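Taking it in order: structure first as structure tokens, then the write-up.
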Amino acid sequence: MKILVCVKQVPDMESRFQVQAGGTAIEEADLAFRVNEYDEFAIEEAVRLKEKLGEGSELTVLSLGPQRVAEAIKKALAMGCDQGIHILDTASRDPYQVASLIYQAVKDQDFEVIFTGMQSQDLGYAQTGLLLAELLGIEAVTTVVSFCQEGDGFLVQRELEGGQRMNLKLQAPALFTCQLGLNQPRYPTLPNIMKAKKKKITQLEAASLAPPAARSQTTSLRPPAKKGQAKFLEGDLGAMADQLVAELKAKSLI
Amino acid sequence: MKALVIAESREGQPLENYLEGLSYAKALGAEAALFLVGAAEALPAFAGTLFLAEVAKHLEYNPKGHKALILSAVEQFGADLVIFAHSSYGWDLAPRVAQGLEAAQLSEVVELAEGKPFLPAYNAKLRRQVETSGKLVVTLQGGAFAPLKAGGSPQVTALDTDRQSQVEFLGFEAAAAKELDLTKSEIIVSAGRGVGKAERVQLVRDLAAAIHGDLGASRPVVDAGWVEHSHQVGTTGQSVTPKLYIACGISGAIQHLAGMKGSDFIVAINKDKEAPIGEVADLFCVADLTQFLPILTDKLQG
């Protein structure tokens, strides 16, 4: 079985984000990048499926972005993917363009199962996976919290509101977008990191994949207007604790 | 402008989130119609056109079928805008419908300013404005737009299609029984990812015990297995409104905020001053949990 997992590299969400002059993108210089958290669950599920199927199954990881994105692909390779595809791209793309570029790169490769994260932590579109499935004309199930392969079919659970779940059964080819908690993503071990260095990463130029025009364009990026009335306490921890206790007592909260 | 608002039903009952969609349409001055895959016996209150497809035939999960039905309603109504809730139903269907319309989609719209939609970005630390042209599909963040008051009965236009997903819908599975009902708690002290490891949840438990509060948790802490699911606060856990909510090491993902922002008084303890929990907090202690919590607990016990 040919399996694909699509991953995005995102800035660490704990970062302080500064908007570039021009006001439509963030300053990347001081940011640390990592694999989108949802995609780590997608990688883990893909590796588990490959391991379960054993001989004859092949797992490819794909990512799109500038040179730095190679690090995300290497991590997925160290977690157990067999090979990588890097669509080199420095432009800012909307989800339709990203899905179209991935589609162009993989449409002739007959992947039977595709995993993605359910959304990215940075922009949270929750669109790219579904758009890719639409372009490929295959079934897609989002927000997967339980995944089980049986024969040529899959039993999966989608997560709904309030912890309720929905049970679904479907056949390959299919795309699954993975929710947090689907599994426990493994840490790459040192031997596997070394092995991953020998795995092949195919580079494709985005321009060679004929990206379509964007359907949406970011026109401004700004901090939210502070509704917040938050009073900030900083400095000496003992004094801060005293002040907090006093405030809570004054309001009869404790 | 004409807006088609997508209503949802769950286990036969219409949900109320369509009222937020109607509110969004109204804010834009758009003429609204509703769409629902549901049952004629349980219609949403709405004085206007309802495009209705029978849930008995089209099921509650059948994305290809629902997509085809929505596209048909968009065409019949002449909609320029399709409005979903950013819910498990909405985020699953919206991109499929957008692709069917070759339209842009804006996910999780949180604000309208001068008629322009804004979206959360970078962990809600920034807001993004996006321009589109032609038809548009949006999903709305739950709670971002005040629901219109429900009223009236709809004029039903029946819809049907033979399109069907090759996905077999086997039914619902209820959430695990809640051993703990946090909705009645007066004080909740919650642990977030910032606690760093399982053992340190004890620091949060100690604080909760010192002020006779209940332990809450954010999703990552529950997913990691550090705290049981019955303690989870947020859209996939419990929605709570205590008098006092103390968020320890919780950055404030939208899904968590949605479940606790109705609390009377919110204290955030976090070393990241920029964390979006600051948007809803009344008091924000900028501190490292490992050092601060023992000091605080000690003072509260003393």
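The numbered conditions (1) in a helix (DSSP H, G or I); (2) within 24 Å of B:Pro147 (Cβ to Cβ) are all true for B:Glu60 except (1).
Can we say A:Arg215 is loosely packed, with under 15 Cβ neighbours inside 10 Å and touching a residue at least 12 places away in the same chain (Cβ under 8 Å)? No: the conditions fail for A:Arg215. For the range A:109-136, the set of residues classified as assigned to a helix (DSSP H, G or I), within 24 Å of B:Gln129 (Cα to Cα) and not aliphatic (A, V, I, L, M) consists of A:Thr128, A:Gly129, listed by residue number.
Within the range B:284-295, being surrounded by fewer than 21 Cβ atoms within 10 Å (Cβ to Cβ) and either at pLDDT below 95 or within 7 Å of chain A (Cβ to nearest Cβ) (or both) holds for B:Val286, B:Gln291, B:Ile295.
Residues satisfying the criterion are absent from the range B:70-79 (criterion: away from every other protein chain (no Cβ under 13 Å), under 23 Å from the mean Cα position of the chain (by Cα) and in a strand (DSSP E or B)).
Among the numbered conditions (1) under 24 Å from B:Gln238 (Cα atoms); (2) free of Cβ contacts under 8 Å to residues at least 24 places away in the same chain; (3) aliphatic (A, V, I, L, M); (4) crowded, with 22+ Cβ neighbours inside 10 Å, the only one that B:Ala174 does not meet is (4). From the list A:Gly129, A:Gly84, A:Gly80, the lone residue that is closer than 22 Å to A:Arg48 by Cα, touching a Phe, Trp or Tyr at 6+ places or on another chain (Cβ under 9 Å) and in contact (Cβ under 8 Å) with a residue 12 or more places away in the chain is A:Gly129. When B:Ile269 is tested against (1) touching a Ser or Thr at 6+ places or on another chain (Cβ under 8 Å); (2) within 10 Å of chain A (Cβ to nearest Cβ), only condition (1) is not met. Here A:Val61 meets the list (1) touching a residue at least 40 places away in the same chain (Cβ under 8 Å); (2) within 14 Å of another protein chain (Cβ to nearest Cβ); (3) over 19 Å from B:Ala104 (Cα atoms) almost entirely, failing just condition (2).
Can you find even one residue in the range B:258-270 that is modelled with pLDDT under 90, crowded, with 16+ Cβ neighbours inside 10 Å and assigned by TED's automatic domain parsing to the domain that holds B:Leu244? Taking every residue of the range B:258-270 in turn, at least one turns out to be modelled with pLDDT under 90, crowded, with 16+ Cβ neighbours inside 10 Å and assigned by TED's automatic domain parsing to the domain that holds B:Leu244.
For the residues B:Arg200, B:Arg193, the requirement of being of a type in the set (Lys, Arg), more than 16 Å from B:Ala268 (Cα to Cα) and in contact with a helix residue (DSSP H, G or I) (Cβ under 9 Å, 6 or more places away or on another chain) singles out B:Arg200. For B:Ala144, are the conditions met, namely being closer than 17 Å to A:Gln119 by Cα and out of contact with any His (no Cβ under 8 Å at 6 or more places or on another chain)? It is false that B:Ala144 is closer than 17 Å to A:Gln119 by Cα and out of contact with any His (no Cβ under 8 Å at 6 or more places or on another chain). Among the residues of the range B:146-173, the one identified as out of contact with any Ser or Thr (no Cβ under 9 Å at 6 or more places or on another chain), among the hydroxyl-bearing types (Ser, Thr, Tyr) and modelled with pLDDT of 95 or more is B:Ser153. Among the residues of the range A:96-126, those identified as within 24 Å of A:Lys2 (Cβ to Cβ) and free of Cβ contacts under 8 Å to residues at least 60 places away in the same chain are A:Val98, A:Ala99, A:Tyr103, A:Lys107, A:Asp108. In the range B:228-239, of all residues being surrounded by fewer than 22 Cβ atoms within 10 Å (Cβ to Cβ) and not charged (D, E, K, R), the one that is farthest from B:Leu182 (Cα to Cα) corresponds to B:His229.
Yes/no matrix, rows are residues, columns are (1) of a type outside the set (A, V, I, L, M, F, W, C); (2) touching an Asp or Glu at 6+ places or on another chain (Cβ under 7 Å); (3) within 23 Å of B:Tyr122 (Cβ to Cβ):
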| site | (1), (2), (3) |
| --- | --- |
| A:Arg34 | yes, yes, yes |
| A:Tyr38 | yes, no, yes |
| A:Ala42 | no, no, yes |
| A:Gly56 | yes, no, no |
| A:Ala72 | no, no, yes |
| A:Lys75 | yes, no, yes |
| A:Ile85 | no, no, no |
| A:Lys107 | yes, no, no |
| A:Asp110 | yes, no, no |
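Of all residues in the range B:210-227, those that are touching a residue at least 12 places away in the same chain (Cβ under 8 Å) and out of contact with any helix residue (DSSP H, G or I) (no Cβ under 7 Å at 6 or more places or on another chain) total 4. Just checking, which of B:Gly196, B:Gly143, B:Gly213 is within 13 Å of chain A (Cβ to nearest Cβ), closer than 19 Å to A:Gly162 by Cα and out of contact with any Phe, Trp or Tyr (no Cβ under 8 Å at 6 or more places or on another chain)? Answer to the check: B:Gly143. None of A:Leu170, A:Leu180 is at pLDDT 95 or above and aliphatic (A, V, I, L, M) except A:Leu170. Listed by position, the strands (runs of 3 or more DSSP E) inside the range A:147-254 whose residues that are over 30 Å from B:Tyr89 (Cβ atoms) and away from every other protein chain (no Cβ under 12 Å) number at least 3 are A:201-205. Only one of the listed residues (B:Glu75, B:Glu108) is in contact with a His (Cβ under 8 Å, 6 or more places away or on another chain) and charged (D, E, K, R). That residue is B:Glu108. Under the condition of being surrounded by fewer than 16 Cβ atoms within 10 Å (Cβ to Cβ), farther than 30 Å from B:Phe46 by Cβ and within 13 Å of chain A (Cβ to nearest Cβ), the residues counted in the range B:182-193 number 1. Could you tell me whether the range B:95-112 includes any residue that is part of a helix (DSSP H, G or I), within 9 Å of chain A (Cβ to nearest Cβ), closer than 22 Å to A:Leu175 by Cα and among the charged types (D, E, K, R)? Within the range B:95-112 (the criterion being part of a helix (DSSP H, G or I), within 9 Å of chain A (Cβ to nearest Cβ), closer than 22 Å to A:Leu175 by Cα and among the charged types (D, E, K, R)), the answer is yes, since at least one residue qualifies.
The values are calculated or read from the model by the stated rules, or taken from the named source; none is laboratory data. All values derive from a computational prediction rather than experimental measurement. All Cβ positions, even for glycine, are placed from backbone atoms using ideal geometry, and neighbour counts span all protein chains on display.
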